[in-house]
1. State all residues of region 50-64 that are surrounded by fewer than 17 Cβ atoms within 10 Å (Cβ to Cβ) and within 14 Å of A29 (Cα to Cα); if no residue qualifies, say none.
2. Hey, does region 65-76 have a residue that's open to solvent by less than 90 Å² (accessible area, probe 1.4 Å) and at pLDDT below 85?
3. What residue, of F98, F44, is of a type in the set (F, W, Y) and open to solvent by 90 Å² or more (accessible area, probe 1.4 Å)?
4. Could you tell me whether any residue of region 80-92 is of a type outside the set (G, A, S) and surrounded by 13 or more Cβ atoms within 10 Å (Cβ to Cβ)?
5. Are there any pairs, at least 6 apart or on different chains, whose C-beta atoms fall under 9 Å, with the first in region 91-105 and part of a helix (DSSP H, G or I) and the second among the hydrophobic types (A, V, I, L, M, F, W, C), and if so, which?
6. Restricting region 1-41 to residues that are open to solvent by less than 50 Å² (accessible area, probe 1.4 Å) and among the acidic types (D, E), which is modelled with the highest pLDDT?
Amino acid sequence: RPVEVPARPLKGEGREARVPRLAKGVEKAAPLVRRHEGLSILTFRFMYGLRNIIPLFLGLSKTELRLFIPLNIIGASAWAAGLTAAGYFFGQALNAVFGHLQKYEILALALLFLVIAAVWLIRRRSKS
């Protein structure tokens, strides 16, 4: 049973005929993107794996710039703020858990240097 596609055709519709594997996906995705254009624009950055596909599909579906630009700015701002906040709080959590190890960082660095030097010396002697 074919999916009904609204009257507004995609610019690239018909191109999927060259790649038959894409035909079913395009046929299923076209009505969804058209039906939820605004939501797609706001949220595509948060969908791993679809971040590259949805903007392409929105472009092919003739999304109006006066809809796309403001929603894209809002979506990008939310994504950037969310990622920045997550990074900040993750850093704070790591500092809370491992902050007491700060007094040992010079010792750990010296130990790492000694291990690297020892491996280098062993390899050098085994070659000769």
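The values are calculated or read from the model by the stated rules, or taken from the named source; none is laboratory data. Everything numeric in this text was worked out from a predicted model, so none of it was measured. A quick note on method: Cβ atoms are made from the backbone with ideal geometry, for glycine too, and the neighbour counts reach across all protein chains shown. Please note that ligands, DNA and RNA were not included when accessible areas were found on the heavy atoms of the full protein model with its side chains. Shrake-Rupley method; radii C 1.70, N 1.55, O 1.52, S 1.80 Å.
1. Looking only at region 50-64, we keep the residues that are surrounded by fewer than 17 Cβ atoms within 10 Å (Cβ to Cβ), and these are 50-53, 56, 59, 62, 64.
Residues satisfying the conditions are L50, I53, L56, G59.
2. First, pick out the residues of region 65-76 that are open to solvent by less than 90 Å² (accessible area, probe 1.4 Å): 67-72, 75-76.
With at pLDDT below 85 added as a condition, the list becomes none.
The answer is no, given that none of the residues of region 65-76 is open to solvent by less than 90 Å² (accessible area, probe 1.4 Å) and at pLDDT below 85.
3. Checking each option against the conditions leaves just F98.
4. No: region 80-92 contains no residue that is of a type outside the set (G, A, S) and surrounded by 13 or more Cβ atoms within 10 Å (Cβ to Cβ).
5. Sorted first by the residue in region 91-105, then by its partner, the pairs are L101/A108.
6. Filtering region 1-41 for residues that are open to solvent by less than 50 Å² (accessible area, probe 1.4 Å) and among the acidic types (D, E), the one modelled with the highest pLDDT comes out as E37.
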